[in-house]
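Trainee: The structure's right below; bear with me while I get my questions together.
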Number of protein chains: 2
Amino acid sequence: MKNYKVGIIRVLTTDNEDELLSHQKILNEFFKEFELQTKSIPNQHNGIYNNETLNKAIPKIIKIAKEWEEELDGIIISCSEDPAVQELKKILKIPVVGAGHSAASLSINYGKKVGIIGIEKEAPLAYLKILKDSYLAYEKPKNINNTNDLRTKEGKIAVINSAKRLKNKGSDVITFACTGLSTVKAYELLEEISIPIVDGVIAEGTIILNMLIERSLRMK
Amino acid sequence: MKNYKVGIIRVLTTDNEDELLSHQKILNEFFKEFELQTKSIPNQHNGIYNNETLNKAIPKIIKIAKEWEEELDGIIISCSEDPAVQELKKILKIPVVGAGHSAASLSINYGKKVGIIGIEKEAPLAYLKILKDSYLAYEKPKNINNTNDLRTKEGKIAVINSAKRLKNKGSDVITFACTGLSTVKAYELLEEISIPIVDGVIAEGTIILNMLIERSLRMK
């Protein structure tokens, strides 16, 4: 059986090796088909959290992906905003996915009233386009303005409170719209919520695996 | 890393071991996380191909799944009609998926104009509900009335012709709405079509893996 070489592009600049590899470690724990490597974009220590930081990140991601493509079978842009994903689908010959479209498309397998937790002011449009009438409600945890805010004790409590509100409103599944929630393993905080949680990093791993298999099948 | 025990329920009765295990073999070839076993429902040698055969199959599937649940981490109903899946989601404590919902939800990661190939007269409603405005067209290959018809040379040519018509109409992805197309490895016939093919058996494997990981994450 073939292993797929998959590159992960992080949209958060960091010198900390543990931090840099946090998504790679999650994927390594649950998927056996990948040989993973990670790179991060330069000069964005707070990642992507609004339109300005999104637009700043896109050319950096495209540059890394283009230079890296030759060594890889697939590329994951490990961010729920799917930055540069549409652009790269046109440029690259290998499959490319982001966490956002992946998580949204998987959500509908779990429930019909999807609650979303993210760090931007409003629910990402890409999620709403996919979920349509399966979308129920959005929560931005209190005082969380970028991915680093999720690391604090207060940040974690705010995430739990958001999840509880979504469940109380009738959500039968909660989908993350920020991969910073994967980095802090927010799914472990939500055990007591006892409804399915669609994690962005697991979602992007799931979708790139499906795409890599699809290519193997067709190009045999 | 954990392996998941997954049961495959085939909706086609067969005494032929190769035939019985055909979907298991496909999943074994591409996914490393599963320990797979297969059972088939009794007395339906032509499988499911209309409402009558669907309704006949449902109680048989529920009986097998209930008796089997204790030994398994997850169950795949390997049919694009998703027979008994909604019922079993309410009854079983473990994840259960069918090929139909899985394939439809994955399609939207590949394209915006989804063409569907199936063996029923019309496109399955479950697919249309998920695809909404991403649905483009449906094809029932000529003279194919049940899954066994797909095995003949004429059947295979009819599938290729349907795929060509869907591509000519503007489909940017083709999704299968019959797992009999997986059994005959129709994706290998469609290499020259050169647009992505969403296969039902690969799709159900992808979605059950996502669900099994989701449970592992949350119930650690």
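The values are calculated or read from the model by the stated rules, or taken from the named source; none is laboratory data. Worth saying up front: this structure is predicted, and the values here are computed from it rather than measured. All Cβ positions, even for glycine, are placed from backbone atoms using ideal geometry, and neighbour counts span all protein chains on display. In case anyone asks, the SASA skips ligands and DNA or RNA and just uses the protein heavy atoms, side chains included. Shrake-Rupley method; radii C 1.70, N 1.55, O 1.52, S 1.80 Å.
Trainee: Among the residues of region A:153-167, is there at least one that is closer than 25 Å to residue B:104 by Cα and crowded, with 21+ Cβ neighbours inside 10 Å? Even if it seems obvious, please write down each step before you answer.
Mentor: Of region A:153-167, the ones closer than 25 Å to residue B:104 by Cα are none.
No; the residues of region A:153-167 include none that is closer than 25 Å to residue B:104 by Cα and crowded, with 21+ Cβ neighbours inside 10 Å.
Trainee: Looking at region A:21-51 only, could you name the residues that are over 24 Å from residue A:185 (Cβ atoms) and either at pLDDT below 95 or outside the structural domain of residue A:94 (by TED's automatic domain parsing) (or both)?
Mentor: A:50, A:51
Trainee: Kindly establish whether residue A:7 is surrounded by 14 or more Cβ atoms within 10 Å (Cβ to Cβ) and over 27 Å from residue A:141 (Cα atoms). I'd like the intermediate steps shown before the answer.
Mentor: On the way: surrounded by 14 or more Cβ atoms within 10 Å (Cβ to Cβ): yes; over 27 Å from residue A:141 (Cα atoms): yes.
So residue A:7 fits the description; yes.
Trainee: Identify, from the list A:50, A:28, the residue that is surrounded by fewer than 22 Cβ atoms within 10 Å (Cβ to Cβ), out of contact with any helix residue (DSSP H, G or I) (no Cβ under 8 Å at 6 or more places or on another chain) and more than 30 Å from residue B:4 (Cα to Cα).
Mentor: A:50
Trainee: Now, a different point. Just checking: which of the strands (runs of 3 or more DSSP E) contained wholly in region B:56-132 hold 3 or more residues that are closer than 21 Å to residue B:184 by Cβ and touching a helix residue (DSSP H, G or I) at 6+ places or on another chain (Cβ under 7 Å)? Lay out the reasoning, then the answer.
Mentor: Details: elements: B:74-77, B:96-98, B:114-117.
Those strands (runs of 3 or more DSSP E) span B:114-117.
Trainee: Right, here's the next one. Only one of (1) more than 17 Å from the chain's Cα centre (by Cα); (2) closer than 30 Å to residue A:135 by Cα; (3) open to solvent by less than 20 Å² (accessible area, probe 1.4 Å) is not met by residue A:33, so which one is it?
Mentor: (2)
Trainee: Only one of B:173, B:184, B:201 is in contact with a Leu (Cβ under 6 Å, 6 or more places away or on another chain) and either among the β-branched types (Val, Ile, Thr) or open to solvent by 10 Å² or more (accessible area, probe 1.4 Å) (or both). Can you tell me which? Give the steps one after another, and end with the answer.
Mentor: Numbers: B:173 fails: in contact with a Leu (Cβ under 6 Å, 6 or more places away or on another chain); B:201 fails: in contact with a Leu (Cβ under 6 Å, 6 or more places away or on another chain).
Testing whether each residue is in contact with a Leu (Cβ under 6 Å, 6 or more places away or on another chain) and either among the β-branched types (Val, Ile, Thr) or open to solvent by 10 Å² or more (accessible area, probe 1.4 Å) (or both) leaves just B:184.
Trainee: Next question. So, of the residues in region A:60-69 that are open to solvent by less than 80 Å² (accessible area, probe 1.4 Å) and out of contact with any Gly (no Cβ under 7 Å at 6 or more places or on another chain), which turns out to be farthest from residue A:117 (Cα to Cα)?
Mentor: Once the filter is applied, the top-ranked residue is A:69.
Trainee: Looking at region A:147-162, can you tell me whether even one residue there is among the hydrophobic types (A, V, I, L, M, F, W, C), in contact (Cβ under 8 Å) with a residue 40 or more places away in the chain and out of contact with any helix residue (DSSP H, G or I) (no Cβ under 6 Å at 6 or more places or on another chain)? I'd like the intermediate steps shown before the answer.
Mentor: Restricting attention to region A:147-162, the residues satisfying the condition of being among the hydrophobic types (A, V, I, L, M, F, W, C) are A:150, A:157-160.
Narrowing the set further to residues that are in contact (Cβ under 8 Å) with a residue 40 or more places away in the chain leaves A:159.
The next check asks that each one be out of contact with any helix residue (DSSP H, G or I) (no Cβ under 6 Å at 6 or more places or on another chain); those that pass are none.
Looking for residues that are among the hydrophobic types (A, V, I, L, M, F, W, C), in contact (Cβ under 8 Å) with a residue 40 or more places away in the chain and out of contact with any helix residue (DSSP H, G or I) (no Cβ under 6 Å at 6 or more places or on another chain), one finds none in region A:147-162, hence no.
Trainee: Sticking with this structure for a sec: In region B:187-213, what residues are out of contact with any helix residue (DSSP H, G or I) (no Cβ under 7 Å at 6 or more places or on another chain) and either touching a residue at least 24 places away in the same chain (Cβ under 8 Å) or more than 7 Å from chain A (Cβ to nearest Cβ) (or both)? Please lay out each step first, then the result.
Mentor: Filtering region B:187-213 down to residues out of contact with any helix residue (DSSP H, G or I) (no Cβ under 7 Å at 6 or more places or on another chain) leaves B:188, B:192, B:194, B:208, B:211-212.
B:192, B:194, B:208, B:211, B:212, listed by residue number.
Trainee: Another one. Just to be sure before I move on: is residue A:171 more than 8 Å from chain B (Cβ to nearest Cβ), among the hydroxyl-bearing types (Ser, Thr, Tyr) and farther than 28 Å from residue A:33 by Cβ in the structure I sent? Can you show your working first?
Mentor: Values: more than 8 Å from chain B (Cβ to nearest Cβ): yes; among the hydroxyl-bearing types (Ser, Thr, Tyr): yes; farther than 28 Å from residue A:33 by Cβ: yes.
Here the answer is yes, as residue A:171 does meet what is asked.
Yes/no per residue for (1) surrounded by fewer than 23 Cβ atoms within 10 Å (Cβ to Cβ); (2) at pLDDT 95 or above; (3) not basic (Lys, Arg):
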{"site": "A:92", "(1), (2), (3)": "yes, yes, yes"}
{"site": "A:98", "(1), (2), (3)": "no, yes, yes"}
{"site": "A:101", "(1), (2), (3)": "no, yes, yes"}
{"site": "A:117", "(1), (2), (3)": "no, yes, yes"}
{"site": "A:129", "(1), (2), (3)": "yes, no, no"}
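Trainee: Being within 14 Å of another protein chain (Cβ to nearest Cβ) and within 15 Å of residue A:180 (Cβ to Cβ) is the filter here, so list the residues in region A:26-61 that pass it.
Mentor: Matches in region A:26-61: A:26 only.
Trainee: Pairs under 8 Å by beta carbon, first residue part of a loop (DSSP other than H, G, I, E, B) in region B:15-39, partner of a type outside the set (A, V, I, L, M) and open to solvent by 20 Å² or more (accessible area, probe 1.4 Å), six or more apart or different chains?
Mentor: B:21/B:38; B:32/A:32; B:33/A:32; B:33/B:2; B:33/B:3
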